[in-house]
Amino acid sequence: MILGMKFDKARVWPFILTGAIILVDQITKWLIAKHPQNEKIFDVFGNGFLQIWHVRNPNIAFSMGRDLPDLIKPVLFVALPLLVLCALLWYYLSSDDFTRLQRWATAGILGGGIGNIIDRIFRHDGVVDFVDVKFYGLFGFDRWPTFNVADSSVVVCCLLLFGSILFSTRKPKAKQTESDNK
């Protein structure tokens, strides 16, 4: 055991999903990045509902942080997410509180987070986004902000994780007291 971390099959298998998400995310971004920026590459259904574009987001989700000073962006966009992912990984490996679904959802969050951090470190124009969906004015959006595989993974897996926590029927393990050990 390293710093309270436990390694067994149930904890390690979900990292297949982490690796798969990173791989698919980076391959799709590489394919998209072969096209000029701000160019529509493909209209999936031919009706404008789902389009593939090559855009770059030098900020975080929904272009938040665009007005921040350039000195602060690396801290908030790379170092802080990396710290959060490391803390999540440490908790994942050291805790017995996760169900199977929660382990896989956490692995998906890690994969998506790492995929976008790779872009923030190695792509100086910003994270490659390419999925563009018509949103019909819901929440004030004619089109949903363009996203990528990593973004999708983080959102879907966060929803799964929070939903499984919210609706969990699993009882937390009772901690043993000294009187229980006698």
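Among the helices of the chain, those built from whole DSSP H runs whose Cα atoms reach 30 Å or more along their own axis and whose mean Kyte-Doolittle hydropathy is at least -0.5 are 100-122. On the principal axes of its alpha carbon atoms, the chain extends 70, 37, 30 Å, with the longest extent given first.
The spacing between segment 43-99 and segment 110-130, judged by their C-alpha centroids, is 7 Å. Other residues whose C-beta falls under 12 angstrom from the C-beta of LEU160 contribute a net charge of +2, scoring Lys and Arg +1 and Asp and Glu -1. For the chain, the dipole from Cβ point charges (+1 on Lys and Arg, -1 on Asp and Glu) about the Cα centre works out to 560 debye, to the nearest 20.
Extension gain for PHE141 to VAL155 (0.36 nm times residue separation, less C-alpha to C-alpha distance): 3.3 nm.
Normalising the average separation of contacting C-alpha pairs (under 8 angstrom, six or more residues apart) by the number of residues puts the relative contact order of the chain at 28 percent. Fully extending the segment from LYS134 to CYS86, taken as 0.36 nm per residue of separation minus the present Cα-Cα distance, adds 13.8 nm. Close amide H contacts of VAL127 (hydrogens built in the peptide plane, cut-off under 5 Å, sequence separation of 5 or more or a different chain): ASN57, ASN59. Working note: 222 nm ellipticity from helices only, DSSP H runs with n ≥ 4, each -39,500 (n - 2.57), summed and divided by the residues of the chain, gives -14500 deg cm²/dmol to the nearest 500. In this structure, the residue pairs whose Cα-Cα separation is over 30 Å, taken from LYS9/LYS34; LYS40/LYS73; LYS9/LYS134; LYS34/LYS134, are LYS9/LYS34; LYS9/LYS134. Could you compute the FRET efficiency for LEU71 and ALA33, with r as their C-beta to C-beta distance and R0 at 35 Å, rounded to 0.05? My answer for the efficiency is 0.85. On the beta carbon distance between LEU101 and PHE7, with R0 = 30 Å, the FRET formula returns roughly 0.90. Given the Cα-Cα distance of SER168 and ASP125 and 0.36 nm per residue of separation, how much length would full extension add, in nm? Gain on extension, SER168 to ASP125, equals 11.3 nm.
Any read-out appearing in this document is the output of simple, stated calculations on the displayed coordinates, not a laboratory observation. A quick note: this is a predicted structure, and the numbers were derived from the prediction, not measured. Note that we place each Cβ from the backbone using ideal geometry, even for glycine, and neighbour counts take in every protein chain shown.
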